[in-house]
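K.L.:
Input: one structure, supplied below.
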Ligand SMILES: Nc1nc(=O)c2c([nH]1)NC[C@@H]1CN(c3ccc(C(=O)N[C@@H](CCC(=O)O)C(=O)O)cc3)CN21
Ligand SMILES: O=c1ccn([C@H]2C[C@H](O)[C@@H](COP(=O)(O)O)O2)c(=O)[nH]1
């Protein structure tokens with residue numbers, strides 16, 4: 001069993017056993033057929049993944065990690081908010097006729113801000129500080145920009161990364177206000193673990209801990225039978241993740257810069273409906 005399996009199973013069991021249903025409330029998300037998409041949730045889950053021990057990928061079902069990395073590069077490297085720049089169709093429901101998802105995610109990371117050293121966007125500021133001010137306690141990104149919320153088609157869920165250097169180790173905290181546990185929990189964990197690896201490598205550091213803070217950790221009503229089945233699956237050990245050691249420029253990574261050796265997830269045939 002991978003450590004990520006262990007954490008996921010504990011989180012899911014905790015939500016199913018002690019979570020609170022929102023069936024008595026009016027909820028924003030709905031299913032494709034118009035039915036309200038209710039959830040059972042736990043507030044305030046904190047998971048710690050030590051990247052020096054193993055890569056945090058689920059084996060209870062396949063995490064489509066290449067697609068997840070594509071989306072990560074779309075946001076953090078291309079800094080795009082247009083689904084035409086993304087291979088997967090996972091954002092199509094939130095895109096307008098031009099393909100834009102509004103002033104969300106990549107758009108916010110591309111906005112340049114004034115600093116004494118010159119104008120930089122949030123990603124370049126992190127890269128600059130990791131190199132020049134590793135002792136800084138101000139190395140973070142935050143895309144929950146209130147001024148632009150009215151122009152975002154979905155408010156950012158994973159909205160802030162705080163980077164922290166201890167010795168030669170790069171640690172990070174991912175802050176997430178809302179988490180669809182089945183569709184995107186491990187998806188997000190894999191993405192931000194890969195981001196820590198990327199940031200560490202181009203900064204001459206080694207990846208350390210990823211701390212994932214989730215405010216509203218929920219399971220959608222139509223996902224309950226699927227996660228219950230997942231909990232009965234036989235997990236496998238974590239695969240070996242590797243990153244191309246020759247890439248020294250954050251913007252030179254591609255989806256092919258990463259490999260996952262020995263990934264043998266349990267079979268999983270269910271189609272996961274996504275609440276809109
Ligand atoms: N309700 C909801 N849950 C989410 O996880 C979510 C949203 N909405 N809205 C915006 C993005 C889109 N995200 C998504 C959407 C779909 C998949 C999905 O369909 N995953 C499939 C396979 C993906 C593939 O084809 O490679 C899976 O099996 O995990 C994952 C993340 C995450 N976000
Ligand atoms: O990276 C992501 C993006 C989205 N989600 C999920 C979390 C919620 O289920 C929905 C967003 O709905 P809100 O009503 O805005 O919270 O999308 C995710 O888990 N990870």
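K.L.:
Which residues, taken from region 37-87, are within 15 Å of ligand 1 (Cβ to nearest atom), under 15 Å from the mean Cα position of the chain (by Cα) and assigned to a loop (DSSP other than H, G, I, E, B)?
P.N.:
Listed by number, the residues that qualify are 57, 58, 63, 64.
K.L.:
Using the structure shown, decide if residue 68 is in contact (Cβ under 8 Å) with a residue 40 or more places away in the chain, crowded, with 18+ Cβ neighbours inside 10 Å, under 17 Å from residue 189 (Cα atoms) and in contact with a helix residue (DSSP H, G or I) (Cβ under 8 Å, 6 or more places away or on another chain).
P.N.:
Yes, satisfied.
K.L.:
In addition: With the requirement that a residue be within 16 Å of ligand 1 (Cβ to nearest atom) and either at pLDDT below 95 or in contact with a helix residue (DSSP H, G or I) (Cβ under 8 Å, 6 or more places away or on another chain) (or both), what does region 215-248 give you?
P.N.:
Within region 215-248, 217, 218, 219, 220, 223, 224, 226, 227, 230 meet the criteria.
K.L.:
Yes or no: residue 186 surrounded by fewer than 19 Cβ atoms within 10 Å (Cβ to Cβ) and in contact (Cβ under 8 Å) with a residue 12 or more places away in the chain?
P.N.:
Considered against the rule, which asks whether it is surrounded by fewer than 19 Cβ atoms within 10 Å (Cβ to Cβ) and in contact (Cβ under 8 Å) with a residue 12 or more places away in the chain, residue 186 comes out as no.
K.L.:
Further question on the same structure: Within region 88-129, which residues are surrounded by fewer than 19 Cβ atoms within 10 Å (Cβ to Cβ), within 16 Å of ligand 2 (Cβ to nearest atom) and not in a loop (DSSP other than H, G, I, E, B)?
P.N.:
Listed by number, the residues that qualify are 92, 93, 94, 102.
K.L.:
Name the strands (runs of 3 or more DSSP E) wholly within region 135-192 that hold at least 3 residues that are within 13 Å of ligand 2 (Cβ to nearest atom)?
P.N.:
It comes to 158-166, 169-180.
K.L.:
Now for a separate question. Consider residue 238 carefully, then state whether it is part of a loop (DSSP other than H, G, I, E, B) and under 30 Å from residue 264 (Cα atoms).
P.N.:
It is true that residue 238 is part of a loop (DSSP other than H, G, I, E, B) and under 30 Å from residue 264 (Cα atoms).
K.L.:
Same structure, new question: In this structure, does residue 224 turn out to be part of a strand (DSSP E or B), in contact (Cβ under 8 Å) with a residue 40 or more places away in the chain and either out of contact with any strand residue (DSSP E or B) (no Cβ under 6 Å at 6 or more places or on another chain) or more than 16 Å from ligand 2 (Cβ to nearest atom) (or both)?
P.N.:
no
The values are calculated or read from the model by the stated rules, or taken from the named source; none is laboratory data. Owing to the predicted nature of the structure, the values given are computational and were not obtained by experimental measurement. Methodologically, a virtual Cβ is constructed for each residue, glycine included, from the backbone with ideal geometry; neighbour enumeration extends over all protein chains shown.
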